[in-house]
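The values are calculated or read from the model by the stated rules, or taken from the named source; none is laboratory data. Keep in mind the model is a prediction, meaning the values are calculated, not measured. Neighbour counts are summed over all protein chains in view; Cβ atoms, including those assigned to glycine, are modelled from backbone coordinates with ideal geometry. Ligands, DNA and RNA are stripped out before the accessible areas are found, and what is left, the full protein with its side chains, is counted by its heavy atoms. Shrake-Rupley method; radii C 1.70, N 1.55, O 1.52, S 1.80 Å.
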Amino acid sequence: MLIAKALSEVGYVRKNNEDNYLMSTEQGLFVVADGMGGHAGGGLASSMVKQVLSEELLPLAPEVDGAQELLRALIKANLLIWRQGQSNYLGMGTTVTAALFEGSHLFIAHIGDSRAYLFREGHLHLLTQDHSLVNELVQKGEITEAEAAKHPRRNVLTRALGASENPQIDLLHFTVQKDDYLLLCTDGLYNQVKEAELTTLLTENCPLGVQVEKMVDLALRRGGNDNITAILVHYL
């Protein structure tokens with residue numbers, strides 16, 4: 001059994017919310033997408049992902065291989081966004097972090113720098129790797145994580161949906177257990193709220209919706225200089 005809550009806020013700096021999310025406890029599908037490109041292109045890109053995944057995945061029968069269908073749908077969305085970007089909004093694209101539960105199996109399709117975290121027995125685990133320039137530098141040992149947080153090019157992505165005709169999408173597989181929590185979020189949340197703070201909030205004994213509100217409120221209090229989106233899923 002799954003229960004989930006989500007919240008998306010425009011923040012205090014940007015005029016438009018270019019984040020989008022999709023949530024279906026019935027299909028076990030949860031998606032966050034952070035659009036990029038400006039001039040309405042980013043919001044259009046993330047909304048196109050939401051529309052395609054809704055149309056392609058929500059009607060699926062239980063016996064279908066959901067993970068492969070998720071990848072297929074994302075490739076379809078990528079082509080639509082890429083073509084739109086060639087004609088109308090040059091440089092438009094979006095991050096996507098999509099989670100699909102099939103029983104105790106959790107599949108995550110990921111491109112860009114939105115994130116998926118697993119909270120289990122009091123510990124928070126980052127499940128995805130940011131496809132960003134600064135994360136590549138961190139992985140190579142050229143800069144520290146502290147330096148990455150303040151790097152002038154920290155918003156530069158190395159992969160995004162719609163950025164190329166043939167995207168490289170990570171497909172990850174995990175096994176979940178009773179009382180696990182899954183947090184999907186855009187960078188507007190994790191850039192403002194530290195993992196230790198997320199852990200503290202997830203440890204609190206309060207309703208799921210309150211936990212999500214507290215996370216987003218903290219990001220807003222820290223400046224709210226980006227769109228903020230979070231989905232919190234409890235596996236029961």
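May I ask for the longest run of the chain untouched by GluC sites (Glu not before Pro) that are loop-located per DSSP and have at most 14 neighbouring C-beta atoms (other than their own) within 10 Å? My reading of the result: 64-120 is the longest stretch. Using a probe of 1.4 angstrom and keeping all protein chains present, the accessible surface of the stretch 1-144 works out to 47 square angstrom per residue. Projecting the Cα atoms of Q86, L182, V233 onto the charge dipole of the chain, computed from C-beta unit charges around the Cα centre, puts Q86 farthest toward the positive end.
Centroid-to-centroid, using Cα positions, the stretch 40-55 and the stretch 115-169 are 22 Å apart.
Using a 1.4 Å probe on the protein heavy atoms, what percent of the accessible area of the chain belongs to carbon and sulfur?
49 percent
Grouping the Cα pair distances of the stretch 153-236 into 5 Å bins from zero gives a pair-distance distribution of 3, 12, 20, 19, 17, 14, 10, 4, 1, 0 percent in increasing distance order. Coordinate range of the alpha-carbon atoms in the stretch 1-104 per principal axis, descending: 40, 31, 17 Å.
The heavy atoms of K5 present about 110 square angstrom of accessible area, all protein chains included, probe 1.4 Å. For F30, the accessible area of its heavy atoms, probed at 1.4 Å with every protein chain present, is near 0 square angstrom. Assuming charge only on the beta carbon of Lys and Arg (+1) and of Asp and Glu (-1), the dipole of the chain about its Cα centre is about 580 debye to the nearest 20.
According to the Kirkwood relation over distinct C-alpha pairs, the hydrodynamic radius of the stretch 147-194 is 14.3 Å.
Counting Cα-Cα pairs of the chain in 5 Å increments starting at 0 gives whole-percent bin shares of 1, 7, 15, 19, 21, 17, 13, 6, 1, 0, 0. When only Cα pairs under 8 Å and 6 or more residues apart are kept, what is the percent relative contact order across the stretch 22-101? That works out to 47 percent.
Label separation (E55 vs N166): 2.5 nm, computed from points 7 Å beyond Cα along the C-beta direction.
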